[in-house]
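Comments concern the structure below.
The values are calculated or read from the model by the stated rules, or taken from the named source; none is laboratory data. Since we're looking at a predicted model, the values are computed, not measured. Ideal geometry is used to build each Cβ from the backbone, glycine not excepted, and the neighbour counts take in all protein chains shown. Heavy atoms of the whole protein, side chains included, go into the accessibility calculation; ligands, DNA and RNA do not. Shrake-Rupley method; radii C 1.70, N 1.55, O 1.52, S 1.80 Å.
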Protein chains: 6
Amino acid sequence: MARVVTNAERAAIGLCDALGALGVSTVHEAQGRTGLMAARIRPIQQGVRIGGTALTCEVAPGDNWMLHVAMERARHGDILVVTPTSPCDDGYFGDLLATSAKARGIRGIVIDAGVRDVADLRGMGFPVWTKAVFAQGTVKETVGNLQVPVVCAEALVHPGDVIVADDDGVCVVPRAGAAEVLKKAEKRAAMEEEKRLLYAAGQLSLDVNDMRERLAEKGLRYE
Amino acid sequence: MARVVTNAERAAIGLCDALGALGVSTVHEAQGRTGLMAARIRPIQQGVRIGGTALTCEVAPGDNWMLHVAMERARHGDILVVTPTSPCDDGYFGDLLATSAKARGIRGIVIDAGVRDVADLRGMGFPVWTKAVFAQGTVKETVGNLQVPVVCAEALVHPGDVIVADDDGVCVVPRAGAAEVLKKAEKRAAMEEEKRLLYAAGQLSLDVNDMRERLAEKGLRYE
Amino acid sequence: MARVVTNAERAAIGLCDALGALGVSTVHEAQGRTGLMAARIRPIQQGVRIGGTALTCEVAPGDNWMLHVAMERARHGDILVVTPTSPCDDGYFGDLLATSAKARGIRGIVIDAGVRDVADLRGMGFPVWTKAVFAQGTVKETVGNLQVPVVCAEALVHPGDVIVADDDGVCVVPRAGAAEVLKKAEKRAAMEEEKRLLYAAGQLSLDVNDMRERLAEKGLRYE
Amino acid sequence: MARVVTNAERAAIGLCDALGALGVSTVHEAQGRTGLMAARIRPIQQGVRIGGTALTCEVAPGDNWMLHVAMERARHGDILVVTPTSPCDDGYFGDLLATSAKARGIRGIVIDAGVRDVADLRGMGFPVWTKAVFAQGTVKETVGNLQVPVVCAEALVHPGDVIVADDDGVCVVPRAGAAEVLKKAEKRAAMEEEKRLLYAAGQLSLDVNDMRERLAEKGLRYE
Amino acid sequence: MARVVTNAERAAIGLCDALGALGVSTVHEAQGRTGLMAARIRPIQQGVRIGGTALTCEVAPGDNWMLHVAMERARHGDILVVTPTSPCDDGYFGDLLATSAKARGIRGIVIDAGVRDVADLRGMGFPVWTKAVFAQGTVKETVGNLQVPVVCAEALVHPGDVIVADDDGVCVVPRAGAAEVLKKAEKRAAMEEEKRLLYAAGQLSLDVNDMRERLAEKGLRYE
Amino acid sequence: MARVVTNAERAAIGLCDALGALGVSTVHEAQGRTGLMAARIRPIQQGVRIGGTALTCEVAPGDNWMLHVAMERARHGDILVVTPTSPCDDGYFGDLLATSAKARGIRGIVIDAGVRDVADLRGMGFPVWTKAVFAQGTVKETVGNLQVPVVCAEALVHPGDVIVADDDGVCVVPRAGAAEVLKKAEKRAAMEEEKRLLYAAGQLSLDVNDMRERLAEKGLRYE
């Protein structure tokens, strides 16, 4: 029942770039506080913010064979999204696969398992979000699924969805609604920029956002 | 029963600076190995060491409203100490609140929950000690308590206590005893400086601290 | 029953250097995917890769006395391997012990417990792999064992075994087989270098490693 | 954006009963080793095995309001499937809601959060699978979604899907394929029954399943 | 600085009995959703519900000496509340100490560490709430504090406070307010009893608690 | 490199029975507080206490093939000790393998991974100590090692060592020293029996064990 779906549609790369530039927190808020992967997915580098299209890959525990299959299916702008069929911290991905991924146009990897060769990965500038750093080697015995819908770190991901990743973690934007989310995210970013100036000048969010009355109604007392 | 206590006394800022300069490990030892927050509270930056007065803030899970209330109560030298009423990793604090906090004279935040916008927070140089980095947005529906005694990451904190934080974590020094702790901490630091020179020269702590006899009494055998 | 074994043989330092240079992932693979410590053991620094001989140290929970004893037994090229007799996150090791360790020729520490003074440790360039950063102080009441076989972070370590540590974690190479492991590791590194060039040029591991037929046999379908 | 979908189709109750009788492990295997919730979801009772239709409920952290809304939407044979929008251990569900749930025909609850009043729940015979037992009270301030697709404990659940739960955990069977899964599960159960007799008589699975040749091919050596 | 405070006042035993009978969830709610210990504290038995006065005991990691000291300070109706100065899972308490505790009138133990001999403890009917079951033995080298305020499993406990414990966990009621909390808890229990009857008869909490209008205001839509 | 060692010597079964009868805590203490597996290994049943000889089995993550191989190597009195080569919670062992194990004279299983069919296992009375209950199915693709030394849950186990398991967890007694450990354990049990009578009569361990003077020397003060 292992299968590779070859005709997955991707979100437009321009959308990915624009959403990526806005970052995880803003995009997550803009789509109604949805789409986040669990907090256990952390970057191995600092200061990288990217957007791309999900190339989903389901692997057996301790078996990275399907990552090799994934390399052939990659398109420029893809971000590998890897989820094991049961929890596993093994080092599925290292510098060799990263070399191949880079050559095939993959922008980064998001994996709810482990990676290794992290010094090399950082050196290559290949961005990684992962649950664990662990050198444990894997086998190539069991086939899995490529480009099927997966749950990765508690987020549902369809092939071709937009993946946004930065120092805050990873957010998934369904392909169909991505353009609308971008609009809302840009609006939110602009609104936040305004508030930032007011707060930097010492104004209080209590006043800027008119919170005092409602706080009193809720029973907040000053002593 | 939500309340904001407005007249909390703070430890003297000079004491905070002096304790902050000595750092968490030294201060913790000097007050009899007490006052540490749990090891899950980690900095998002490296190389920052600060002291300040606790501005305590109790929040509902997934609700950061009281942080907005806290901004108004801040004084120069305060460190926000945030604890949720039940465990929560949501991103209570991000770049907007940090902008406000900085403008209001807050030196940093210690939070037994999550933060987001960490790239911005690092960029601003606003120091953060936290349990989690997680972009999950919060609501503003439930009021809590400000400037009341709280248990934060298993440490008891009263408003106005001295908070010391660095790469080793966070230590709380009760306001009343802070001056005495400072004396002991300075003494300890001086004593450690002496030992450091001896150890650097190759001397053994077994000799410097005269441990051999007691080790033998305890039954240590060399084979 | 606490004892210090004084005549432990060490692996040759040249072997340690050579294995250290190859790094954890390569060495782990070369010895048949064995020898890794658990993923909870993480470096406090980035970009350090070392090899050395295990100086094993078994300590009581919350008691770092045996680390002081260990300093005297150290030889140039040793790496301290510390394991508590029950799980403990306390800060067993800080800048004073690191000063002594450095002066005694110890190359680094691997500890399945906590360390403190990490800003100083990073500043000194003393490499540390640890389960936790925690300032909690320890006592000196209970003696333990030095240079006996220990299980550290789920890996069996004999005194004098080769310890390899880098950003990927820690790997143990039994002294007896170390020379053979080195040969295999070098061979593997050379083979990986070849593949890296092919992958960088865009070739697929499916072809380079001739995987397509076996994948089909296992039932992988393209849709 | 909070919504209650009122027209969700349910799997046939007979299918639920039949799948429930076969149990989690058999059903999970029968549908290709898919559909399991994470191992953190554990029963508070022993020896209960049920099947039912998913009544999905998405709640805010620390807020159980939507569970009250869910009671009205329940049909006989439903199993409540509750997932918070971010991780939370609070006690969302206790004896009062269980009383209501029972009266409304709900067969049990599966919740990736906490429950309380567990002594009463056990006494009532209302079956519960949960991540945590925690008495922490919740508020009623934030609305969520009812009968929408959710990810619960890393499994995707659509309203009306079949939920199977027993001492091994929880498995989700998509409504569309449930009849086919039942057939395969029954076949598997029959086959296992045959093997059980052979094994009980002392025969080896090596022989029953003809494994020896393949083991040798894979390189297994006897010494 | 280790000390035993000998004159701690206890809450009245009648209050303890009454609060104990109401149970953790009701009491926790009655005092404004405060006082709970963390969810990691679990009973080793089922179906026990007790109240008593806190006999607080602070111990070093891996060292149970102060538990022996505690036996002498016990009064009828006390519940031992044990917290280590840093996290530890060792087996501080087993059947011998339980025998002594029972003989001295102690009603049970709450410990943020480990216990052992749990089969015997269950057999004796001595109630235990604990973080871990672990046979690891402890030493008697380091003195600690008895009957001082402690933070146990993230709850602040003063000597003589009321401890309520049942299958839901552990709740602390400060001595001063215990009588008032009892009144509120009884009121709450009565109110819940009324609701239970309505719910059992099939009425909805949406109607009983008049929630529909507010849900609509918050934006809940039916589709 | 996968191998099955066929000539492993076992500890005498009488020793196993005697040590098993004394239980984990007593045996662990008798051999100098060593030999415990980590606290994560918990029984799925209550009230079972057994001893037997270790039949060690090393498995790949998500692959239970070697358990089938193990059945043939079992002797009466063996206890299966299973450890994965990297952390894994999958359900390696269920009712079919238990049926076979029982028929082959195996007394129980200790596994640092997951099991399933736990209702059946309890029903059969086949004792299990495990890290997880999880229905996740496994494959049969990768061979491992049988009857070689393993680290299981942080304890070193050689084939034929004595395994003692009860409600407190699991303890390993090396074959060579088992007879001596038994003597010490019996002595300890007798001594504890004496103390139990004294404590039950209300005597204090402070007096029975003559602790008062040493406590005072250590600085314990009564206030």
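Can you tell me which residue in the stretch B:1-18 is farthest from the other protein chains (Cβ to nearest Cβ), limited to those that are modelled with pLDDT under 95 and open to solvent by less than 30 Å² (accessible area, probe 1.4 Å)?
Across the stretch B:1-18, the extreme among qualifying residues is B:ALA8.
When both residues are 6+ apart or on different chains and their Cβ atoms are under 8 Å apart, which pairs have a first residue that lies in the stretch D:164-182 and is away from chain F (no Cβ under 14 Å) and within 14 Å of D:THR53 (Cα to Cα), and a second that is part of a helix (DSSP H, G or I) and among the aliphatic types (A, V, I, L, M)?
Matching pairs, first to second residue: D:ALA178/D:LEU15; D:ALA178/D:LEU19; D:ALA179/D:LEU15.
Out of the residues in the stretch F:141-153 meeting the condition of being part of a loop (DSSP other than H, G, I, E, B) and within 7 Å of another protein chain (Cβ to nearest Cβ), tell me which one is farthest from D:VAL170 (Cα to Cα).
Per the stated criteria, the residue is F:VAL143.
Please go through the stretch D:97-109 and pick out each residue that is in contact (Cβ under 8 Å) with a residue 12 or more places away in the chain and either within 14 Å of chain B (Cβ to nearest Cβ) or not β-branched (Val, Ile, Thr) (or both).
If the condition is that a residue be in contact (Cβ under 8 Å) with a residue 12 or more places away in the chain and either within 14 Å of chain B (Cβ to nearest Cβ) or not β-branched (Val, Ile, Thr) (or both), then D:LEU97, D:ALA98, D:SER100, D:ALA101, D:LYS102, D:ARG104, D:GLY105, D:ARG107, D:GLY108 are the ones that fit.
Within the stretch E:139-162, which residues are closer than 21 Å to E:GLY94 by Cβ and not acidic (Asp, Glu)?
The answer is E:VAL139, E:LYS140, E:THR142, E:VAL143, E:GLY144, E:LEU146, E:CYS152, E:ALA153.
Every residue in the stretch A:185-195 that is open to solvent by 60 Å² or more (accessible area, probe 1.4 Å) and either at the interface with chain B (Cβ under 9 Å from one of its Cβ atoms) or within 19 Å of the chain's Cα centre (by Cα) (or both), please.
A:GLU186, the sole residue that qualifies.
In the stretch F:1-60, which residues are β-branched (Val, Ile, Thr) and within 26 Å of F:PHE93 (Cα to Cα)?
Answer for the stretch F:1-60, where residues must be β-branched (Val, Ile, Thr) and within 26 Å of F:PHE93 (Cα to Cα): F:VAL4, F:VAL5, F:THR6, F:ILE13, F:VAL24, F:ILE41, F:ILE44, F:VAL48, F:ILE50, F:THR53, F:THR56, F:VAL59.
Consider the stretch E:56-92. How many of its residues are hydrophobic (A, V, I, L, M, F, W, C) and either in a loop (DSSP other than H, G, I, E, B) or open to solvent by 10 Å² or more (accessible area, probe 1.4 Å) (or both)?
Within the stretch E:56-92, residues that are hydrophobic (A, V, I, L, M, F, W, C) and either in a loop (DSSP other than H, G, I, E, B) or open to solvent by 10 Å² or more (accessible area, probe 1.4 Å) (or both) number 3.
Scan the stretch C:196-209 residue by residue and report those that are part of a helix (DSSP H, G or I) and open to solvent by 30 Å² or more (accessible area, probe 1.4 Å).
C:ARG196, C:LEU197, C:LEU198, C:ALA200, C:ASP207, C:VAL208
Of the residues A:ALA135, A:ALA101, which single one is within 13 Å of A:LEU55 (Cα to Cα) and not in a strand (DSSP E or B)?
Answer to the selection: A:ALA101.
When you look at A:ALA21, is it surrounded by fewer than 24 Cβ atoms within 10 Å (Cβ to Cβ) and within 14 Å of chain F (Cβ to nearest Cβ), yes or no?
No; evaluated as a whole, the condition is false for this residue.
Taking the stretch C:154-163 only, how many residues are more than 9 Å from every other protein chain (Cβ to nearest Cβ) and in a strand (DSSP E or B)?
Summing the residues that are more than 9 Å from every other protein chain (Cβ to nearest Cβ) and in a strand (DSSP E or B) in the stretch C:154-163 gives 3.
The rows are residues; the columns are (1) modelled with pLDDT under 95; (2) in contact with a Phe, Trp or Tyr (Cβ under 8 Å, 6 or more places away or on another chain); (3) assigned to a helix (DSSP H, G or I).
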position	(1), (2), (3)
D:ASP120	no, no, yes
D:PHE126	no, no, no
D:ALA165	no, yes, no
D:LYS183	no, no, yes
D:MET191	no, no, yes
D:LEU215	no, yes, yes
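Among the numbered criteria (1) of a type in the set (Gly, Ala, Ser); (2) over 12 Å from the mean Cα position of the chain (by Cα); (3) open to solvent by less than 30 Å² (accessible area, probe 1.4 Å), which single criterion is violated by A:GLY169?
Among (1) of a type in the set (Gly, Ala, Ser); (2) over 12 Å from the mean Cα position of the chain (by Cα); (3) open to solvent by less than 30 Å² (accessible area, probe 1.4 Å), the lone unmet condition for A:GLY169 is (2).
Go through (1) farther than 22 Å from D:LEU36 by Cβ; (2) in contact with an Asp or Glu (Cβ under 9 Å, 6 or more places away or on another chain); (3) within 7 Å of another protein chain (Cβ to nearest Cβ) for D:PRO87 and report which single condition fails.
Only one criterion is unmet by D:PRO87, namely (1).
Got a sec? Which of B:ARG212, B:ARG175 is open to solvent by 50 Å² or more (accessible area, probe 1.4 Å) and within 30 Å of B:ASP78 (Cβ to Cβ)?
Only one candidate passes the filter, namely B:ARG175.
Given (1) of a type outside the set (Phe, Trp, Tyr); (2) under 16 Å from F:VAL4 (Cβ atoms); (3) open to solvent by less than 10 Å² (accessible area, probe 1.4 Å), where does F:THR142 come up short, assuming only one miss?
(3)
If you check B:ALA39 against the conditions, is it in a loop (DSSP other than H, G, I, E, B) and open to solvent by less than 40 Å² (accessible area, probe 1.4 Å)?
yes
Can you pull out every residue in the stretch F:110-131 that is open to solvent by 10 Å² or more (accessible area, probe 1.4 Å) and at the interface with chain D (Cβ under 7 Å from one of its Cβ atoms)?
Hits for the stretch F:110-131 are F:ARG116, F:ASP117, F:ALA119.
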